[in-house]
Structure formats: structure tokens, C-alpha cells
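Asks: Mind looking over this structure? Questions follow.
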Amino acid sequence: MSVRRLAAVQPDSFAFKPETLEKANWWIAKYPENRRQSAVIPILWLIQKQEGWVSEPAIAVVAEMLGMARIRVYEVATFYTMFMLEPVGSAALIQVCGTTPCQLRGSEALMKVCKDKIGPKDKLSADGKFYWQEVECLGACTNAPMAQINDYFYEDLTPDNLAQIIDDFSAGKTPKTGPYNGRFTSEPLGGATTLKDPSLYDGSAAKPLKIPNAPEAEVKA
């Protein structure tokens, strides 16, 4: 496993947007005062959603907010690969699964598309729009080969439709998520063979319940 380090070039400072700070304080309030450090992972994730990555100034702000040594926050940010430690593309962060099921189904060809259209992996593209990397299993083996792009899965991919997805992101479009071979979720190509009664999974038989600590929210379970 390669050592993960912060980017060499860092911004001068970091500041929460008001809505991000509100969410961060909500997470902190979920824990006893002497356990506020438990909010470090969700707060780092909120920062990444705001900025696109986690910078050194952001780590310093989190450390002060949670009463932690900076090195402790740094350890968390560098341990979990979901945290990006350098700027990523303004249009798309593309993470291509390279584990066995996806490799057997053509992930290497998908990576070639990324290299040809974007450039070397783990590097920001020349136009600043894209960043791609090879990652370990993302848990969608039935729909191999696949990639996670930003927050969503793009599955049953071919080199041609991945190339089109990249072009669409570059043009400011939002490509559809999910399978690209016509199937619904991870059903067989010919359609579902079990659980054909929609009431078994569409929530129509569920009863409303209140979520603790969120009195305004009512969901079905």
C-alpha cells in the first residue's frame, strides 16, 4: 500500500460555509462533550463535499474544532482512501474498480479510456476537469465492470459508453447513473426471476416511524 500524503501546494486558509458549519455542529452535538472527537470522519467528509478535497488548513480547523492534535486528524484523513488529499477534477472524480470481477469483465479497457482521454491516473487533468484512479472493490461485482463517478455508480460499462460519459461530464451534462446494458439495477438481463410482488420491496406495506434525534423526519421502514 502506498503512503498517502497531503498535496505539496496548499491553500492559505480554510473556512466553513454556513450550511456546512451547521451540519458539522449537528454531528458534534450527537456525541457527549468529551467524545466530540468522534465526529471527525463526518466533518472531514463535509469538508470534502464543500471543497472537493481535504487540505492541510482544513485539517487544522477540524483539529481546533474537536480539541484534537493535528496529527490525529491527519492520521484519519490519510488512512481512509475516501478522503482526497489533493484537488480533483471540477467535473468528475472517476474511480474505476480494478478488482478481479471487474478486471475479468474489462476494467483494464476502461482504464485505457481514462488514460487516453484524461491522462495519467492519480493526476489532475490538464484542463482541471477530471481526476481518475484505480480503486479496490466497490461492491457492485454483479454489474462489472463499473466505476464510481463522484457519488454515483456507473455499471456494466464498455469503453465506448465510458468515453461518452466522460464527454458528457466535460460538456456540463449529467449522465444517467446505474447499469448501461439495459438491465434494472442488478437484475438478470432478462428481468427479475424472484421477488416479483412490488409490495415486498416498494415500501407500501411499511408503517411510519419517528427517527430519534430528528423529530421532523418521518420515514417508512
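Asks: For the stretch 62-75, give me the residue count where each residue is surrounded by fewer than 18 Cβ atoms within 10 Å (Cβ to Cβ) and in contact (Cβ under 8 Å) with a residue 24 or more places away in the chain.
Replies: 2
Asks: What is the number of the single condition among (1) in the same structural domain as TRP132 (by the TED database); (2) open to solvent by less than 100 Å² (accessible area, probe 1.4 Å) that THR174 does not meet?
Replies: Only one criterion in (1) in the same structural domain as TRP132 (by the TED database); (2) open to solvent by less than 100 Å² (accessible area, probe 1.4 Å) is unmet by THR174, namely (2).
Asks: Just to be sure I understand, how many residues within the stretch 164-189 are charged (D, E, K, R) and in a loop (DSSP other than H, G, I, E, B)?
Replies: Number satisfying all stated conditions: 4.
Asks: Consider the stretch 151-163. How many of its residues are within 17 Å of TYR131 (Cα to Cα) and either among the charged types (D, E, K, R) or surrounded by fewer than 16 Cβ atoms within 10 Å (Cβ to Cβ) (or both)?
Replies: The qualifying residues number 2.
Asks: Is it the case, given these coordinates, that GLY128 is under 24 Å from PRO42 (Cα atoms), surrounded by fewer than 16 Cβ atoms within 10 Å (Cβ to Cβ) and not β-branched (Val, Ile, Thr)?
Replies: So GLY128 fails the test.
Asks: Quick one: VAL61 ticks every box in (1) part of a helix (DSSP H, G or I); (2) under 22 Å from ALA163 (Cβ atoms); (3) of a type in the set (A, V, I, L, M) bar one, so which box is it?
Replies: VAL61 satisfies every listed condition except (2).
Asks: State whether one or more residues within the stretch 82-102 are open to solvent by 30 Å² or more (accessible area, probe 1.4 Å) and of a type in the set (Gly, Ala, Ser).
Replies: Among the residues of the stretch 82-102, at least one is open to solvent by 30 Å² or more (accessible area, probe 1.4 Å) and of a type in the set (Gly, Ala, Ser), which makes the answer yes.
Asks: Okay, moving on. Condition first: outside any helix (DSSP H, G or I), open to solvent by less than 90 Å² (accessible area, probe 1.4 Å) and either free of Cβ contacts under 8 Å to residues at least 40 places away in the same chain or not hydrophobic (A, V, I, L, M, F, W, C) (or both). Now tell me which residues in the stretch 16-52 satisfy that.
Replies: Passing the criteria: TYR31, PRO32, GLY52.
The values are calculated or read from the model by the stated rules, or taken from the named source; none is laboratory data. What you are looking at is a predicted structure, and each value in this text was computed from that prediction instead of being measured. A quick note on method: Cβ atoms are made from the backbone with ideal geometry, for glycine too, and the neighbour counts reach across all protein chains shown. Please note that ligands, DNA and RNA were not included when accessible areas were found on the heavy atoms of the full protein model with its side chains. Shrake-Rupley method; radii C 1.70, N 1.55, O 1.52, S 1.80 Å.
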